[in-house]
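Only one structure is covered here, and it is reproduced in the block below.
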Amino acid sequence: MVAGFSPSISVLYRGQRTPYWYLESNEEVSPFRGSANADYQMNGADGEEWMVFSDAMKMGRFNSIMDSSLVFSPFVLLFARALMIDEKKGEIRFDRWYAFVQNGPWIKELLDLRAKVMPSFKEAIESRDLAGFSRELTTRIADFVRQRPIKLDKIEAVARNIDEEVTGAARKHLSFYEWPEDLGVDDEEEECVKVSPGAVPAGPEPFEIPVPDDDEDGEEGAAVDAKGMTRGQRKRTKRRDDFMRRFEFVNFVQKQDEVRKNGGLADLGGLAGSLDEALNRSDRAAKPDDLARRPGRKVQAATDEREMAQYQGVLGFQAFQSDPLGALEQHLKNSLRRQNEDGKKAEGIASKKKRKQATG
C-alpha cells in the first residue's frame, strides 16, 4: 500500500491538540472530520508516524483526506522511490524528505532489502505467479517493518527529489529501482493479417472474442484439418472456449458464495423457475375432461379437512418449527422431484403403448 499510493503520504508533527499533517510538497492537510483518523493522537516523535492515502481520498486543501491508514517510518523508508544515506554525517534523503538518523545495523538491512524487494516483485509479476515471491524475503520484510519506529530527527520536505539531484558517479550510492519501460507488443508478436488492395478490413463478428494470430497463421496455403480449420482458427476456437469456461466458472463461484452468505434459500430463483416449468408441464398433460369435471360438495369438504389436517401436521413438525423456510424448501424440492419422476413414468407408458400399437 505504501509503495502503490506513493507519493500520497503525509508525515505527522506533534501539535497541541492534534498532529499536523504535511505532504512532501510542504502543503498542510488534515483529515476529514468524519474519517477514522480525524481524532488520532500521536504516540511517537516527529517523523516516526505517517498517514498513507489514495489519490481519490484527497478532496481539497483543508479537511481533505477522506480515508487514511497509519504506518511507521520503517514502511516509508523501505518503499520510498529513492533513498540515500550518508552515515558519516548521519543524514538521510528519501524522495523529497530530509532528516537526521542514528547509525545502526538497520541501515545495512534496509539497503539490502531495497535492492531485492522490487526486482523480486517484478519477477513474480512477469511470471504471473505471486506464490513465487521468496518466503525468506517476505519474512525479512515483516521483521523489518515490525521493529520500533526509526527516528527521523528534524524531518522536513525539500524542493527537489533526491533522484533528480544526484547525478554522475554519485548515483551509485542511490538506492533506487527503475521499473522497465513498457514498450508494447514486439514486432514478432503483432497480428499478421494480409488484406487485398482496396479491401476494407472487417472487424470481429458479433460476440466474437478477437484473438491475435501468429505470423504463420496468416500465410496462404496453411494446413487444414479434417474439420476444414487452419491452425490459427483452431487456436482461436480453443482460446474462445477456454475464456467461456473461465467465465462460467466465475459465475458458478459467485453463486456458491451467495449460497454460503445467504444460506440454503439463496438460489430460490432457480427453484421457482423449476416449479413453474413443472406446473406448466402438468397443465399440458391434464386432459380437458379432467379440467371440466369439478368435485361435489362432499368431496370438496373431505378435501378441505385433509388439507387442514396436513396443515396442522406441518405446524407440529419439529423440522418446520426449527427452520420453517428450510423445511418448506426441502418439501418443494421433494415435490418437484416426485412430479418429474411421475411425468417420466407416464411418458414411458405412453411410448410403450405407441410401440405396441405400431407393431400390432
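The values are calculated or read from the model by the stated rules, or taken from the named source; none is laboratory data. Since the structure is predicted, the reported quantities are computational estimates derived from the model, not experimental observations. Neighbour counts are summed over all protein chains in view; Cβ atoms, including those assigned to glycine, are modelled from backbone coordinates with ideal geometry.
With respect to the conditions (1) loosely packed, with under 12 Cβ neighbours inside 10 Å; (2) touching a residue at least 40 places away in the same chain (Cβ under 8 Å); (3) of a type outside the set (Asp, Glu), LYS172 falls short on a single one, namely (2).
In this structure, GLU109 qualifies as surrounded by 12 or more Cβ atoms within 10 Å (Cβ to Cβ) and under 39 Å from the mean Cα position of the chain (by Cα). Taking every residue in region 140-154 that is without any contact (Cβ under 8 Å) to a residue 40 or more places away in the chain and pairing it with any residue that is among the charged types (D, E, K, R), at least 6 positions away or on another chain, the pairs with Cβ-Cβ distances below 9 Å are ARG140/GLU109; ARG140/ASP112; ARG140/LYS116; ASP143/GLU109; ARG148/GLU48. One residue is enough: does region 143-161 have a residue meeting the conditions within 18 Å of SER6 (Cα to Cα), among the small types (Gly, Ala, Ser) and surrounded by 11 or more Cβ atoms within 10 Å (Cβ to Cβ)? The answer is yes; a qualifying residue exists.
Out of region 63-78, which residues are modelled with pLDDT of 65 or more, in a loop (DSSP other than H, G, I, E, B) and farther than 14 Å from LEU12 by Cα? Quick ask: steps written out before the conclusion?
Looking only at region 63-78, we keep the residues that are modelled with pLDDT of 65 or more, and these are 64-78.
With the extra rule that they be in a loop (DSSP other than H, G, I, E, B), the set shrinks to 64, 66-68.
Passing the criteria: SER64, MET66, ASP67.
Contact map, region 251-262: residues that are surrounded by 10 or more Cβ atoms within 10 Å (Cβ to Cβ) paired with residues that are modelled with pLDDT under 70, Cβ distance under 6 Å, separation 6+ or inter-chain. Pairs shown: GLU258/ALA266; VAL259/ALA266. Filtered by the rule that a residue be among the aromatic types (Phe, Trp, Tyr) and touching a residue at least 40 places away in the same chain (Cβ under 8 Å), region 1-55 gives PHE5, TRP21, TYR22, TRP50, PHE53.
Every residue in region 339-349 that is surrounded by 11 or more Cβ atoms within 10 Å (Cβ to Cβ) and not acidic (Asp, Glu), please. Give the derivation first.
Here is the first cut: in region 339-349, the residues surrounded by 11 or more Cβ atoms within 10 Å (Cβ to Cβ) are 339-340, 342-343, 346-347.
Once the filter is applied, which keeps residues that are surrounded by 11 or more Cβ atoms within 10 Å (Cβ to Cβ) and not acidic (Asp, Glu), region 339-349 yields GLN339, ASN340, GLY343, ALA346.
Looking only at residues in region 120-142 that are surrounded by 12 or more Cβ atoms within 10 Å (Cβ to Cβ) and over 24 Å from the mean Cα position of the chain (by Cα), the one that is farthest from GLU28 (Cα to Cα) is LEU137.
Assess whether ARG114 counts as being farther than 23 Å from ARG135 by Cα and either assigned by TED's automatic domain parsing to the domain that holds LYS151 or at pLDDT below 95 (or both).
Working: farther than 23 Å from ARG135 by Cα: no; either assigned by TED's automatic domain parsing to the domain that holds LYS151 or at pLDDT below 95 (or both): yes.
So ARG114 fails the test.
Filtered by the rule that a residue be aromatic (Phe, Trp, Tyr) and closer than 27 Å to GLU277 by Cβ, region 306-360 gives TYR311, PHE320.
ALA327 - would you say it is surrounded by 10 or more Cβ atoms within 10 Å (Cβ to Cβ), in the same structural domain as ALA346 (by TED's automatic domain parsing), more than 46 Å from the chain's Cα centre (by Cα) and at pLDDT 70 or above? When the stated conditions are applied, ALA327 does not pass them.
Answer yes if at least one residue in region 86-98 is in contact with a His (Cβ under 9 Å, 6 or more places away or on another chain), surrounded by fewer than 19 Cβ atoms within 10 Å (Cβ to Cβ) and at pLDDT 90 or above, and no otherwise. Scanning region 86-98, I find at least one residue that is in contact with a His (Cβ under 9 Å, 6 or more places away or on another chain), surrounded by fewer than 19 Cβ atoms within 10 Å (Cβ to Cβ) and at pLDDT 90 or above, so the answer is yes.
Of the residues in region 49-62, at least one is surrounded by fewer than 16 Cβ atoms within 10 Å (Cβ to Cβ) and part of a helix (DSSP H, G or I).
When the residues of region 1-48 are filtered to those that are surrounded by 17 or more Cβ atoms within 10 Å (Cβ to Cβ) and small (Gly, Ala, Ser), the one that is nearest to ARG81 (Cα to Cα) is SER8. Taken over region 126-171, the criterion of being touching an Asp or Glu at 6+ places or on another chain (Cβ under 9 Å) and in a helix (DSSP H, G or I) is satisfied by GLY132, ARG140, ASP143, PHE144, ILE162, ASP163, ARG171.
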